[in-house]
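Derivation of every value follows stated rules applied to the coordinates shown; laboratory data play no part. Small disclaimer: the values here were computed from a predicted structure and weren't measured. Using ideal geometry, Cβ is built from the backbone for each residue, glycine included, and neighbour counts are taken over all protein chains shown.
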Amino acid sequence: MAAMDELRAQLASLLETFAPADAREATHHENMFALIDAPENPFSRKHFDPGHFTASAFVLSPDGNALLLIMHAKLHRWLQPGGHIDPDDPTVLHAALRELAEETGLFMMAENHQQPIFDVDIHPIPANPKKDEPAHKHYDVRFLFRATTTHLTASSDAKDARWVPLDEITEAMADASVMRALAKIRRGVSS
């Protein structure tokens, strides 16, 4: 319980310093504050009503000209690496970096990154009868990094992982939240 309370406080502190880029992101931001105060554990992947927090990483190539995207095995879309926050993740930032390493083989040390939140998004997740999971939402907290290497290895969660040149990322290949993040990157928000 103490670890969850600490995680809530850390995330609340990060969210307080975050400035949404538009009205949609401002709504996500507000709803994240509401979820932090949920009576149950809002970081548990079993918290379905309305959903739970997740963490992800937008990663620029070392030269800053490409973005790391994965072909998500379950959703069949090009997305940034990310996923659920595990009970032993000390911070949401650590969760994002752990997911990055698991999905792409790209390791970055959390101690080297005192990152502010880069982006927030709330998106629907379809029901998964095989896991007895109802439809719910992911309250995704996103960070931006710059890699020091381009070496990648896609895992079982990612059918593929690749560096996609910024000018080749389109709405046809990525979802609206990836396109919003790309617009922020192009405006000069950097790691």
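By per-residue mean of other Cβ atoms within 10 Å, what is the highest-first order of 55-63, 5-13, 81-89?
Values: 55-63: 21.4, 5-13: 14.8, 81-89: 18.9.
Top of the packing list down: 55-63, 81-89, 5-13.
For the chain, what does -39500 (n - 2.57) per DSSP helix run (n ≥ 4), summed and divided by total residues, give at 222 nm, in deg cm²/dmol to the nearest 500? Mind dumping the intermediate values first?
On the way: 4 runs with 53 residues, N = 191.
Computed mean residue ellipticity for the chain: -9000 deg cm²/dmol.
Can you give me the distance in nm between label points at ALA176 and ALA135, each placed 7 Å from the Cα along the Cα-to-Cβ direction?
1.6
Along its principal axes, what span do the Cα atoms of region 29-113 show, with the longest given first and each in whole Å?
43, 32, 24
Pop the C-beta distance of ASP49 and THR153 into the FRET formula with R0 = 41 Å and round what comes out to the nearest 0.05.
Efficiency, rounded to the nearest 0.05: 0.70.
What list of whole percents do you get for P(r) of region 96-174, with Cα-Cα distances grouped in 10 Å bins up to the one holding the largest distance?
Distribution as computed: 14, 35, 41, 11 percent.
Using only Cα atoms, what Kirkwood radius does the chain have, in angstroms? Mind showing how you got there, number by number?
Numbers: mean 1/r = 0.0597 Å⁻¹.
Hydrodynamic radius (Kirkwood, Cα pairs) of the chain is 16.8 Å.
Express the relative contact order of region 1-94 as a whole percentage, based on alpha carbon pairs under 8 Å and six or more residues apart in sequence. Mind dumping the intermediate values first?
Numbers: 88 pairs, mean separation 24.0, N = 94.
Over region 1-94, the number comes to 26 percent.
Here are some pairs, LYS74/LYS131; LYS46/LYS74; LYS131/LYS159; which of them have Cα atoms lying more than 23 Å apart in this structure? Show your work: numbers first, answer last.
Numbers: LYS74/LYS131 13 Å; LYS46/LYS74 18 Å; LYS131/LYS159 20 Å.
Exceeds cut-off: none, every pair is within range.
Using bins 10 angstrom wide from zero, how does P(r) for region 71-130 break down, in % of all Cα pairs?
18, 48, 30, 4
Run the numbers for PHE18 and ASN31: contour at 0.36 nm per residue of separation, minus the present Cα-Cα distance, in nm.
Values: separation 13, 0.36 × 13 = 4.68 nm, distance 1.35 nm.
Extra length available between PHE18 and ASN31 comes to 3.3 nm.
Quick check on the chain: of the DSSP beta bridges with both residues there, what percent are antiparallel, nearest 5%? Provide the component values of the computation, followed by the final result.
Numbers: 21 of 32 bridges.
Rounded to the nearest five, the antiparallel share is 65 percent.
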